[in-house]
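Inspection log for the structure reproduced underneath, given as structure tokens.
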Amino acid sequence: MLRNAAELAIRRPRTVVAVWAVVLVVGLGLGGSVFGRLGGLGANVPGSQSQVTADRLDKIDPGADTIDALVVSATPGRVIAADPGLRDRVTAAVGDLRKIPGVAQVPDPYQTPGATGDGQAVAIPVTFVSGIAAHDEHVASLAVQARLHAIATPDFQVKVGGGPLAGDALNSIAQSDASKAELISLPIVLLLLVVVFGGLLAASLPLVLAVCGIASTLLVLFGFSFATDLSVYSVQITTMLGLGLGVDYALLMVTRFKQERAATPDIADCVRRTVSAAGRTVFFSGLTVAVSLVGLVVYSAPFLRSMGLAATAVVAVDMLAAVTLLPALLAKYGHRIKPAKADRSEGRWFGKFAAGVARRPLPVLLVIVAGLVTVATPVTALSLSPGDARELPASSEPRQVYDLTVAHFPGQSATGPLYVLVDGGATKPAYLAHLRSLPGVVQSAQKMLPDGSAVLQLTPAGTVDGKVATGLVQTIRAEHQGASVTGDSAHLVDFRQMLVDRLPYAAGVVFLSVFVLLFLFTGSLLVPLKAVLTNLLSIGASLGAMVWVFQQGHFAGVFGSGLKGGLGALDVTVPPLMIAVAFGLSMDYEIFILGRIREARLAGEEARQAVVTGVRYTGRVVTCAAALLVIVFACFMTGGAAPILEFGFGLTFAVLIDATLVRMMLVPAVLALLGERAWWAPRALRGLHARFGVAEAPEPAREELLQSV
């Protein structure tokens, strides 16, 4: 297949480039429409009690969206509840709001207990008509916001948020952050590539591949939006992955091409050899990253499934572009790319470093493992939250409404209410009273439905992910009195349980697939096992660092004033997604190094020396690739949405650890300790690898010229 791709690129480079140009134009044009089709999925699990109950309530008693406005003084600490001028403005606004088509209810805050909180704020909730069309609600919402903001004067500020406005803000931030990250990262990546390759043309090829990857990402997501719901974060995450891997694969391919140019002046032959060698590595790397992400499909949560499918498709597109578009560009313009210089000192520092590790593998192994385990320790305190307005930057108006509500309405809980549907509730007054009096309930309301059931709205103390809220869910469910629970905390409980139930299957799919691919690539049983274990160590350390920073608040303020002190929990969707992507990226570098070590062994080097050779000739490529990925991921950390900051930080940390401590030290130490045993496999499997494996010995006459994987 790779040989055919190379021949097509050599014979018809213009055709291949034209096809990808069409993909680029369509992707940037049509794919941009995906931003209007994004939404918040969060911790919903189809078939769970929380989701089934929510769906049932929507049919029996459809809810209505509510947005909230807070009027506060421009002078902090000033009591405004009794200000006559403000009262007149608010009363007039309430009357006007009630006349807006689509508005169902606007209570008078001066006649509603608790609507003025500590006296320093006035709350004005606006509820829309139940079941109103989305377009009509949007029009009504804009009119409501305009009238509410008109209350403001130099003495009084008005902030509007809550309800669908938080989701709208997340969508807007996701779009602007993705564009900003691309504008920042692409010039920096280009500059670094110019330094690496020593020429603008060679440096521009990875960016061409990356831009095609971004366009394809948007197109893939647009297609997926018709088959499944997509999260507001899907564009950022898949763009981050597509951009990073696109540059990664192109770096490897162009580096190999320059080295082939030093061996032969024939461009077509160079392209063939590049695709045959580096293209094979890219192909298996892409497959490995893809199967790592396919594990997300095992989870039943729509967010994880959609992200797993979309990210897998993006990786496949990047891989396809690397073995089709890039060879076509090299065939067309490769004669303008300077050959690599014949420098026998190339990689000598990495070789000496690897030799030092190989001489003392056990101390290195113990120190690195102990360090990674220590960094991973905070994982034991991991807490998950379905997310709220705190995930928005402090400058966002819905976030300001949340903060002001917490500050000026201390008697109100920051937790969303639980909705308890009790079958036959009309005949169970004692049980309903019991539910309303459960420990931890700070507010309650009750409503009878036409079918004889009852709905209780119970507001627990504490946070959505706190022990009080989740404990109430578990207590009510354990009583078996015909009651079912939904609400944010109930969704979180079900999502956590789904993760626990599906984790063994997801891990099994990923580990088995990776094990098979690495066996076909190396012919060993122990090398795939080593790869999985070392990857888990680096991922554990990355997750521990995320908990330490974003959950516990250490230096979190560096990423935004709204994160100072920490969030108390990570977004529920981030850890499983980060683990899948980080595992795939770790395997990416693993294959880079293993491919070169395997070549050295097949060329006759003994096991320990082959490790040194592999690190020597891949150290520079892996280091450059890691630096480029870190730049890409770090640029996505310039945004304001907390889940993206968590995800970007986790991947940046994972790449740094993986490209330094793991690939340059831990992997050589383990392989040096194992020696020839690292490449052991039973006779039957050796025969299987001989028939279906992909590793090939390099040509001896060219071995000294080729310093790549």
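Remarks
- When only Cα pairs below 8 angstrom with a gap of at least 6 residues are kept, the chain shows a relative contact order of 19 percent.
- Using Cβ point charges alone (K and R +1, D and E -1), the dipole size of the stretch 66-162 about the Cα centre works out to roughly 100 debye.
- Once divided by 2.2 N^0.38 Å, the Cα radius of gyration of the stretch 404-493 becomes 1.07.
- Across the stretch 66-162, the relative contact order, built from alpha-carbon pairs under 8 Å that are at least six residues apart, equals 45 percent.
- Cα lying deepest toward the dipole's positive end in the chain, options SER292, LEU661, SER395, charges on Cβ: LEU661
- Rounded to 10°, Cα long-axis angle of helix 348-359 versus longest principal axis of the chain: 80 degrees
- Under 24 Å from LYS530, Cα to Cα: lysines that are on another chain or at least 8 residues apart: LYS352
- With at most 10 neighbouring Cβ atoms within 10 Å, loop trypsin sites (Lys or Arg not before Pro) (DSSP) excluded, longest segment of the chain: 345-709
- Only helices enter this figure: runs of n ≥ 4 DSSP H residues, each worth -39500 (n - 2.57), summed and divided by the residues of the chain, yield -20000 deg cm²/dmol at 222 nm to the nearest 500.
- Derived scalar couplings between HN and Hα for the stretch 266-279 equal 6, 5, 4, 5, 4, 5, 4, 5, 4, 5, 5, 9, 5, x Hz in order, rounded to whole Hz, by the Karplus curve 6.51 cos²θ - 1.76 cosθ + 1.60 (θ = phi - 60°), x for Gly and Pro.
- Here LYS338 is the anchor, and the lysines within straight C-alpha reach of less than 20 Å, apart from those fewer than 8 places off in the same chain, are LYS258.
- At R0 = 60 Å, FRET efficiency that the Cβ-Cβ distance of ARG78 and ARG677 yields, to 0.05: 0.20
- Packing around the peptides 193-199, 238-244, taken as the average count of other Cβ atoms within 10 Å per residue, puts them in this order, highest first: 238-244, 193-199.
- Axis angle, to the nearest 10 degrees, between helix 302-333 and the longest C-alpha principal axis of the chain: 40 degrees.
- Rounded to the nearest 20 debye, dipole of the chain from Cβ charges on Lys, Arg, Asp, Glu: 2600 debye
- Cross-link pairs beyond the 28 Å C-alpha cut-off, checked among LYS447/LYS564; LYS159/LYS564; LYS180/LYS341; LYS59/LYS159: LYS447/LYS564; LYS180/LYS341; LYS59/LYS159
- Selected from HIS408, GLN457, VAL420, residue furthest toward positive end of dipole (the stretch 404-493; charges at beta carbon): HIS408
- Cα long-axis angle, helix 361-376 against the chain (0 to 90 degrees, to the nearest 10): 10 degrees
- For the chain, share of DSSP beta bridges that run antiparallel, in % to the nearest 5: 90 percent
Read-outs: derived from the displayed coordinates by stated rules, not from any lab. Please read these numbers as outputs of a predicted model, since none were measured by experiment. Note that each Cβ is placed from the backbone with ideal geometry, even for glycine, and that neighbours are counted across all protein chains shown.
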